[in-house]
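Student: Just passing along the structure, written as structure tokens.
The values are calculated or read from the model by the stated rules, or taken from the named source; none is laboratory data. Only a predicted model underlies this, so the values are computations on that prediction, with no experimental measurement involved. Positions of Cβ are backbone-derived with ideal geometry, glycine not excepted, and every protein chain shown enters the neighbour counts. Ligands, DNA and RNA are excluded from the accessible area calculation, which covers all protein heavy atoms including side chains. Shrake-Rupley method; radii C 1.70, N 1.55, O 1.52, S 1.80 Å.
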Amino acid sequence: MKSNINIEVQLDEDKMPETIEWNAPGGGVDDMQKSKALLLSLWDGDEKSALRIDLWTKKMMVDEMNDFFYQTLYGLSDTYLRATRNEELAKDLKQFAKDFLKKASDALEKEEQG
């Protein structure tokens, strides 16, 4: 059995992402869904290295990027816990995510005031 996750990126004249859309028909997401950002990591077991695709559109605001990274880091802690059962490191990652969001939010607020 195979399942596909489809990602379509439309580029502007400068080859920057203008729109990002995705669907996963085998997972119950039949219609294309809009997204402002995408972080995709793949593990190459032969090379023992991570491959990444990081894309975001011009419409992605800094406060949204801060929330996106917070939610991604926080969610990765749950994934890490399920994969390793290392509760201490998963807890540390969650705390790091919370600290990251606080610092990112403070920096954005300071920038907006300055």
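Student: Show me the three semi-axes of the equivalent ellipsoid for the range 1-50, from the C-alpha gyration tensor (sqrt of 5 times each eigenvalue), largest first, rounded to whole Å.
Tutor: Semi-axis lengths for the range 1-50 are 23, 20, 8 Å.
Student: Given the rule -39500 (n - 2.57) for each run of at least 4 DSSP H residues, summed and divided by the residues of the chain, what is its mean residue ellipticity at 222 nm, to the nearest 500 deg cm²/dmol?
Tutor: -15500 deg cm²/dmol
Student: What FRET efficiency, computed as 1/(1 + (r/R0)^6) with R0 = 22 Å and r the Cβ-Cβ distance, is obtained for residue 72 and residue 112, rounded to the nearest 0.05?
Tutor: 0.40
Student: Explain nothing, just the number: dipole magnitude of the range 1-104 about its Cα centre with +1 on each Lys and Arg Cβ and -1 on each Asp and Glu Cβ, in debye rounded to the nearest 20.
Tutor: The calculated dipole for the range 1-104 is roughly 420 debye.
Student: A further question on this structure: For the cross-link pairs 15/59; 2/98; 36/91; 36/110; 15/98, which exceed 27 Å when the distance is taken from alpha carbon to alpha carbon?
Tutor: Over 27 Å Cα-Cα: 2/98; 36/91; 15/98.
Student: Follow-up question, since we're still on this one. Within the accessible area of the chain, what % is carbon and sulfur when the probe is 1.4 Å and the other protein chains stay in place?
Tutor: With neighbouring chains kept in place, the figure for the chain is 52 percent.
Student: Also, quick follow-up: For the chain, taking Cα atoms only, what is the radius of gyration to one decimal and the Dmax to the nearest whole Å?
Tutor: Reported Rg and Dmax, both Å: 17.0, 55.
Student: Among 35, 49, 77, which one shows the highest mean-square fluctuation when the chain is modelled as a Gaussian network with alpha-carbon springs under 10 Å?
Tutor: So, out of 35, 49, 77, the one fluctuating most is 49.
Student: What whole-number value in Å² describes the accessible area per residue of the chain for a 1.4 Å probe?
Tutor: 82
Student: Ok, one more. Can you give me the Cα centroid spacing of the range 30-44 and the range 57-114 in angstrom?
Tutor: 18
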